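The values are calculated or read from the model by the stated rules, or taken from the named source; none is laboratory data. Since the structure is predicted, the reported quantities are computational estimates derived from the model, not experimental observations. With ideal geometry, Cβ positions are generated from the backbone for all residues, glycine too; neighbour counts draw on all protein chains shown. What goes into the accessible areas is simple: the full protein's heavy atoms, side chains included, and nothing from ligands, DNA or RNA. Shrake-Rupley method; radii C 1.70, N 1.55, O 1.52, S 1.80 Å.
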Amino acid sequence: MNPHLLPNLLLRSPLVLIILGLVGCFGEGPKELFDDYHTKIANVQDADEIQEDRAFESLPRKRELLLDVPSLSIGLIDSYQLRQCGLFNLIAERNSILGKVADEFRNYDYQVALLKGVGQCLSDHELDREILELLKEIEQQKLAQFPLHQWNLIYASDAMQSQMRGSQWLHADLGNQVQQTRGALEHINQALNAPLVSGETTKVQEILERSSTLGDLYYSLTRASAELDTITKQLTTFDDNIICGKQRDTTKFRYLNNVFEQQYIGKVQPYMAQLDGYYQQLAPQLGMFDAQPDLHSYYFPIQDAHQAFRSSTRRHVDYWQQLFKRCGRKVGR
């Protein structure tokens, strides 16, 4: 590709980042890409590197997110009459020792199965009247509690805690992992939005538990935004050190332009594109993390992190645009 075409692409929609970064591997770690870019800019400016410490919001622990759900149960004596509509074995299993220590995935599947069973039993007019009245009451109470079980599945299950608790940069060539995570989240979304007709959540529990794709993506988006914001501040703070104009020594501008081409266009931007591509694959499944202030003050802020990521990219590109305009570079030739 003609290197002069890349700046032209850069100044268009940020969606072009996806295209630029879908191929190739990065020889340096992501943090080193930003550090090297920053250092080279400061060297050209003959300025000290700006250092900024930015806080990273980690996922609260399970005990801080777990919502208490009052226990509702049907005694075995009453439930014995429910054999004919399939509830007896379900309730007996739940009342066993293993049933009482079930994790949030198995608990959610039980709540769904119970609601299905209650619905079937309510259509069985051969049951005692008092049992039918009890089932109606249980159904209403369970429906009222259902959002609490959904919350606990998303935020207080070991599998989702593992999935969302990331602390490292994502690297290239994680396509299969991202696709598996997307498929698992799609399954969970179906279980949340149409629980009575979807499959069991435990089918994807292991996939979510054995990786931290979401957490690492959130970490990477947040850290990339912070690194890029610091570099943009470096550029704007010492912008006066870059001299342009006729009959002026433009050596620093030419050197800085080389840094832009080699470090940003050649290395940083493709990595940013990879992150954006990962996010776009997962984005349709992230609605489950929308804020639910009626239940809890916390929400997983990965969508906010992506918005900040886009804004940081835009601000960084805006600086290069104004520099090229000031120095008379014909972008896109």
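Out of the total accessible area of the chain (probe 1.4 Å, heavy atoms of protein only), what percent is carbon and sulfur? C and S fraction of accessible area: 49 percent.
How do 275-282, 85-92, 240-247 rank on mean C-beta neighbours within 10 Å, highest first? Let's see the in-between values first.
On the way: 275-282: 20.2, 85-92: 17.0, 240-247: 11.2.
Result, highest mean Cβ count within 10 Å first: 275-282, 85-92, 240-247.
Highest-first packing order for the peptide set 117-130, 258-271 is 258-271, 117-130, based on the mean count of other beta carbon atoms within 10 Å. For the pair V69 and E186, label points projected 7 Å from Cα toward Cβ lie 2.6 nm apart. Ranking K31, K325, K136 by solvent-accessible area of protein heavy atoms (1.4 Å probe, all protein chains present), from largest to smallest, gives K325, K136, K31. Based on protein heavy atoms only, the chain ends up with 51 Å² per residue of surface accessible to a 1.4 Å probe. Taking K233 as the anchor, which lysines have their alpha carbon closer than 17 Å to its alpha carbon, excluding any fewer than eight residues away along the same chain? Straight-line reach from K233, under 17 Å: K40.
With the charge dipole of segment 224-333 set up from +1 on Lys and Arg Cβ and -1 on Asp and Glu Cβ about the Cα centre, the Cα lying farthest toward the positive end among the listed residues L295, L275, N257 is that of N257.
In this simple spin-label approximation, Y319 and D239 carry label points 7 Å from Cα along the Cα→Cβ vector, and these lie 1.0 nm apart.
Our note on the geometry: Cα centres of segment 232-300 and segment 95-154, 49 Å apart.
Helical content alone sets the calculated 222 nm signal of the chain at -18500 deg cm²/dmol, taking -39,500 (n - 2.57) per DSSP H segment of four or more residues and averaging over every residue.
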